[in-house]
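The values are calculated or read from the model by the stated rules, or taken from the named source; none is laboratory data. A quick note: this is a predicted structure, and the numbers were derived from the prediction, not measured. Neighbour counts are summed over all protein chains in view; Cβ atoms, including those assigned to glycine, are modelled from backbone coordinates with ideal geometry. In case anyone asks, the SASA skips ligands and DNA or RNA and just uses the protein heavy atoms, side chains included. Shrake-Rupley method; radii C 1.70, N 1.55, O 1.52, S 1.80 Å.
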Amino acid sequence: MADTCSQMLLGSGLTVLSHPLMYIKVLVQVGHEPLPPSLGRNLFGRQVYQLPGFFAYAKHIVKIDGKAGLFKGLAPRLCAGTIGTLVHSRVIQNYQKADKTEEPGNSQKEDLSSLQQVVNETAREMVARSCATIVTHPFHVITLRCMVQFIGRETKYSGVFDSVVTIYREEGILGFFAGFIPRLLGDVISLWLCNMLAHLINTYVLDNSMSHVGEIKNCSQAVTGFFASMLTYPFLLVSNLMAVNNCGLAGGLPPNAPAYPSWVDCWRTLSREGNMSRGNSLFFRKMPAGKMYAVDQKRFF
């Protein structure tokens, strides 16, 4: 229980610190560009048109809504983080209790190969994360919609309870799970990619006789996790777009965004337009090739 509480406190602190970053990322993901591109230089010294990065975007938000404006949607996100940690911990604890109730002297675990152990542990982690995602996705939807209100200056989603009532009244239960399928797929694929790649590197690349092999294995886990998140980023992008699509907010309606019939149609549209990585970087953003900036609509076409 103490470990769970410490995880919740640490997670809440990191959530508060990282919230402005997520807020701006979401606005970029939906295509909102309130500031026009400017002429700058890339890493090679060549002059190129660049889009405003995180700090310029944050300064723009503070100018309009004040510093508190950078924390729109924080309350439901904190709820999601806290509940998700509790659910995840409870599922893992149930697995651990099941292991302890097995017959004494059972050597099945010792006989498993290293690959089979990784598969079993990854499967358990997948179940725990999936359960947490199912329970917390409604709060995730509310968080995203609170953020996207910045585009149209709406106040439709003003609190957790009021947002729950609004979504249920207008969209029913399914409204709480808008964008759920691509988010779950992305999480599952990323988890398996990360753990399998880390296992291959630790087993066939690293030598256990090396010095500091433990630190190197931890580093390989972090690197593979970053690589897996990059590969599955399109799932996150599509999930966030579907969570705000056609929900009554300007940021999710034409002309700011198409009305996607399904997440597959959203994926195809983004792929056709070359926007599958939109919002992936907030610090080195180059102007999309072959597109024009519409000043009145504050987006690219």
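Taking the criterion of being open to solvent by less than 50 Å² (accessible area, probe 1.4 Å), modelled with pLDDT of 90 or more, more than 30 Å from Leu39 (Cα to Cα) and assigned to a loop (DSSP other than H, G, I, E, B), would at least one residue in region 275-288 satisfy it?
no
How many residues are among the hydrophobic types (A, V, I, L, M, F, W, C) and within 14 Å of Asn94 (Cβ to Cβ) when one looks only at region 124-140? Can you show your working first?
Filtering region 124-140 down to residues among the hydrophobic types (A, V, I, L, M, F, W, C) leaves 126-128, 131-132, 134-135, 139.
Restricting the remaining residues to those that are within 14 Å of Asn94 (Cβ to Cβ) gives 127-128, 131-132.
Of the residues in region 124-140, 4 are among the hydrophobic types (A, V, I, L, M, F, W, C) and within 14 Å of Asn94 (Cβ to Cβ).
For Tyr157, work out the one condition from (1) surrounded by fewer than 17 Cβ atoms within 10 Å (Cβ to Cβ); (2) under 24 Å from Leu237 (Cβ atoms) it doesn't fulfil.
So Tyr157 meets the others, but not (1).
Here's a check for you: in region 28-53, which residue that is loosely packed, with under 14 Cβ neighbours inside 10 Å and of a type in the set (D, E, K, R) is modelled with the highest pLDDT?
Filtering first and then ranking leaves Arg46.
Here is a list: His88, His19. Which entry is closer than 25 Å to Asn245 by Cβ and in contact (Cβ under 8 Å) with a residue 12 or more places away in the chain? Before the answer, list the steps.
Working: His88 fails: closer than 25 Å to Asn245 by Cβ.
Answer to the check: His19.
Within region 56-84, can you find the residues that are open to solvent by 50 Å² or more (accessible area, probe 1.4 Å) and either closer than 9 Å to Tyr23 by Cβ or not in a helix (DSSP H, G or I) (or both)?
Within region 56-84, Phe71, Lys72 qualify.
Restricting attention to region 17-54, and to residues there that are over 15 Å from the mean Cα position of the chain (by Cα) and in a helix (DSSP H, G or I), which single residue is nearest to Lys291 (Cα to Cα)? Let's see the steps before the verdict.
Here is the first cut: in region 17-54, the ones over 15 Å from the mean Cα position of the chain (by Cα) are 17, 31-54.
Those still in the list that are in a helix (DSSP H, G or I) too: 17, 54.
Numbers: Leu17: 34, Phe54: 21 Å.
Result: Phe54.
Considering only region 186-195, I want to know if a residue exists there that is open to solvent by less than 30 Å² (accessible area, probe 1.4 Å), hydrophobic (A, V, I, L, M, F, W, C) and modelled with pLDDT under 95.
Yes; the residues of region 186-195 include at least one that is open to solvent by less than 30 Å² (accessible area, probe 1.4 Å), hydrophobic (A, V, I, L, M, F, W, C) and modelled with pLDDT under 95.
When residues of region 113-135 are filtered for being open to solvent by less than 70 Å² (accessible area, probe 1.4 Å) and charged (D, E, K, R), how many remain?
Total satisfying the criteria: 1.
May I ask you to list the residues in region 251-269 that are over 10 Å from Ala178 (Cβ atoms) and open to solvent by 30 Å² or more (accessible area, probe 1.4 Å)?
Leu253, Pro254, Pro255, Pro258, Ala259, Pro261, Ser262, Val264, Asp265, Trp267, Arg268
Quick one: is Arg272 open to solvent by 50 Å² or more (accessible area, probe 1.4 Å), assigned to a helix (DSSP H, G or I) and not small (Gly, Ala, Ser)? Spell out the reasoning first.
Numbers: open to solvent by 50 Å² or more (accessible area, probe 1.4 Å): yes; assigned to a helix (DSSP H, G or I): yes; not small (Gly, Ala, Ser): yes.
Taking the combined requirement at face value, the residue satisfies it.
Which of the residues spanning region 58-72 are under 19 Å from the mean Cα position of the chain (by Cα) and over 20 Å from Phe283 (Cα atoms)?
Once the filter is applied, which keeps residues that are under 19 Å from the mean Cα position of the chain (by Cα) and over 20 Å from Phe283 (Cα atoms), region 58-72 yields only Lys72.
Is there a residue in region 211-225 that is loosely packed, with under 14 Cβ neighbours inside 10 Å and touching a residue at least 12 places away in the same chain (Cβ under 8 Å)?
The answer is no, given that none of the residues of region 211-225 is loosely packed, with under 14 Cβ neighbours inside 10 Å and touching a residue at least 12 places away in the same chain (Cβ under 8 Å).
Looking at Thr166, Thr143, Thr101, which is the one that is touching a Phe, Trp or Tyr at 6+ places or on another chain (Cβ under 7 Å) and of a type in the set (S, T, N, Q)? I'd like the intermediate steps shown before the answer.
On the way: Thr143 fails: touching a Phe, Trp or Tyr at 6+ places or on another chain (Cβ under 7 Å); Thr101 fails: touching a Phe, Trp or Tyr at 6+ places or on another chain (Cβ under 7 Å).
Of the residues listed, the single one that is touching a Phe, Trp or Tyr at 6+ places or on another chain (Cβ under 7 Å) and of a type in the set (S, T, N, Q) is Thr166.
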